[in-house]
1. Please specify each residue of the stretch 72-100 satisfying the condition of being without any contact (Cβ under 8 Å) to a residue 40 or more places away in the chain and small (Gly, Ala, Ser).
2. In this structure, does Asp11 turn out to be more than 18 Å from the chain's Cα centre (by Cα), of a type in the set (Asp, Glu) and at pLDDT 95 or above?
3. Does any residue of the stretch 37-44 turn out to be at pLDDT below 95, surrounded by fewer than 21 Cβ atoms within 10 Å (Cβ to Cβ) and farther than 20 Å from Ser253 by Cα?
4. Check Thr290 against each of (1) more than 13 Å from the ligand (Cβ to nearest atom); (2) at pLDDT 95 or above and name the one condition it does not meet.
5. Is it the case, given these coordinates, that Ala62 is within 12 Å of the ligand (Cβ to nearest atom), outside any strand (DSSP E or B) and of a type in the set (A, V, I, L, M, F, W, C)?
6. Name the one entry in Ala470, Ala459, Ala490 that is modelled with pLDDT under 95 and touching a strand residue (DSSP E or B) at 6+ places or on another chain (Cβ under 9 Å).
Amino acid sequence: MTIRLSGGVADSAAIVVVGGGLAGLEVATALVEHGIDDVLLIEAGPGDDLTHIHLGLPQDGATETVFAPENDPYFRRPWESDSTHYTGISGLRRRLGGRSLYWHGVILPLEDWALRPPWWPSDVIDDLTKSWRGGASLYERVTAELLAWSSPTPAGASRLHRFGGQDFRSLPRACRHPSSDGRWEAYSPLTRWPTEDGVPRPPAGLRVRCDTEVLAVDVRAGAARGVLVRDTAGEVGTVTADAVVLCAGTVESTRLGIQALTSVGALAEPRLGGLADHIVQGFVVRLPGTAGAVPPLGSHYVPAHHSTRSYLRLDVHRTEYGDTLLDVRVTGEQLPNPDSVVECSGGPGLPWGTRVRTALLPEDRHLVTAQRDALSAFWRSLAGELRLPAAPLEFSEYGDPGRDNTRVLPSRTRSQTTGVPESWTSLLGTEDHEGGSLPLGGVLTSRQEFAELPRLYAAGPVVFPRLGAANPSLTALALSRRLAALLAAAV
Ligand SMILES: Cc1cc2nc3c(=O)[nH]c(=O)nc-3n(C[C@H](O)[C@H](O)[C@H](O)COP(=O)(O)OP(=O)(O)OC[C@H]3O[C@@H](n4cnc5c(N)ncnc54)[C@H](O)[C@@H]3O)c2cc1C
């Protein structure tokens, strides 16, 4: 689908949504479902291809697109980093759909040891976990809807698989297989749009402007009045709006927030802390043949415990040579801290240059070690079960780009020696779970509005006061729907 600019760049709308990725599309689509009929979604990238990469490409090609982003024409990293973190594959996929066309659909609620006061506001916790507007909680509603979208026939109770001393359960994923060749797609709000010749079209009430970058929030008289935009021809204009919702991905939304907050004197320095991503480490190992004791093909997990702040995931694949490939990882929580920041250059030019700085707390360093111990124990146990020699897992210094998650690239695992694990450690930012720098109950009110800047809102993992170990998108989708309902009720 090609969605092009009509006329000049100047425009107006009741609500402007900045960024057409997972959160922005969910907010915009839910707004029109609530009857708001003048929503404008502005996306920096093109809207020509709305296909999830795992539906458009074979498995290996899709994996290469993620882990070798030089192959992805949509990959952009509009920030610099002062370390190896937030480099490499860390970045945006600048296209309508954003990372909703890349994600794996894992939907886990935040653990109650992370989703709690004083970190998260109590009203948000209640809406997510207890009841939303007198009915089921947001987690219950969105999970049920996504699982129904994935499979019209409800799955039975999932069986536990004991393996390597752990009890694995089936990992919930919002994925469906519309083709018979094994390709799949994860949920995108685009799949809720009406289609024309099989291609999604914005529902009535929603206009979409692609190839249009938001340079800044237009702040006047102490409130957001719209956005300043630039199209690909370099034409700049203002779009006026009653409310603006930032959904440009964590770092970009934070950059836009910093610019806006600085303009009203709400920030002493053009920077915000609290940026966090998951701490993820793992190993891949090829096993000969179908390796009997291994759980079935697919994704399995062991939920996170508060003592480890990490969950264990096991993906079982069949290789083109008929071998079994085990992809094992632990995903853990990086705690928010004031020294992990998004900071801007300031000055008259727009957009402001953006830099990311990261710091680990002692608790996070402890978690890195505990994860390595847990992975090593799991590997020893499963190697014992499979009667393999348990060569010790080797890890290098945290932040070493020479041993990062690109180890799972098919071009690498293909040449891996059978039975010998290759371990890896993700750089922060490369799990695409970054969030936390516009936290609810801090920079934002619990209604997702900037406390110091009325009519400006944000959605996506950027609003999480604390990440927990769970993948962020179930919570991001639930909060996007909550924000749309709050905005619709306020209009
Ligand atoms: C390979 C992969 C697998 C993943 N798997 C999972 C998973 O299984 N479970 C899970 O929970 N999460 C997963 N994620 C993470 C998830 O996709 C992200 O957390 C989520 O997409 C973030 O949503 P967002 O809307 O904040 O950002 P995005 O989806 O990145 O959307 C941001 C959009 O804003 C646009 N934009 C940026 N700047 C501007 C600007 N200045 N003006 C206009 N537009 C702008 C971008 O082009 C983009 O389209 C995965 C991510 C990847 C890459």
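The values are calculated or read from the model by the stated rules, or taken from the named source; none is laboratory data. Because the structure is predicted, anything quoted here is derived from the model rather than measured. Backbone-built Cβ (ideal geometry, glycine too); neighbour counts: all protein chains shown. Protein only, heavy atoms only, side chains kept; ligands, DNA and RNA dropped before computing areas. Shrake-Rupley method; radii C 1.70, N 1.55, O 1.52, S 1.80 Å.
1. The answer is Gly91, and nothing else.
2. No.
3. Going through the stretch 37-44, the residues at pLDDT below 95 turn out to be none.
There is no residue in the stretch 37-44 that is at pLDDT below 95, surrounded by fewer than 21 Cβ atoms within 10 Å (Cβ to Cβ) and farther than 20 Å from Ser253 by Cα.
4. Among (1) more than 13 Å from the ligand (Cβ to nearest atom); (2) at pLDDT 95 or above, the lone unmet condition for Thr290 is (2).
5. Values: within 12 Å of the ligand (Cβ to nearest atom): yes; outside any strand (DSSP E or B): yes; of a type in the set (A, V, I, L, M, F, W, C): yes.
Yes: the conditions hold for Ala62.
6. On the way: Ala470 fails: modelled with pLDDT under 95; Ala459 fails: modelled with pLDDT under 95.
Just one listed residue meets the conditions, Ala490.
Results for (1) of a type in the set (S, T, N, Q); (2) in contact with a helix residue (DSSP H, G or I) (Cβ under 7 Å, 6 or more places away or on another chain); (3) assigned by TED's automatic domain parsing to the domain that holds Asp112, shown as yes or no for each residue.
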position	(1), (2), (3)
Arg380	no, no, no
Glu394	no, no, no
Arg407	no, no, no
Thr413	yes, no, no
Thr418	yes, no, no
Tyr457	no, yes, yes
Leu467	no, no, yes
Asn471	yes, no, yes
Ala478	no, yes, yes
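Every residue, every condition in (1) more than 16 Å from the ligand (Cβ to nearest atom); (2) in the same structural domain as Arg94 (by TED's automatic domain parsing); (3) under 28 Å from Pro465 (Cβ atoms); (4) in a strand (DSSP E or B), yes or no:
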residue: Arg230; (1), (2), (3), (4): no, yes, no, yes
residue: Gly234; (1), (2), (3), (4): no, yes, no, no
residue: Val239; (1), (2), (3), (4): no, yes, no, yes
residue: Ala243; (1), (2), (3), (4): yes, yes, yes, yes
residue: Ser253; (1), (2), (3), (4): no, yes, yes, no
residue: Leu256; (1), (2), (3), (4): no, yes, yes, no
residue: Leu267; (1), (2), (3), (4): yes, yes, yes, no
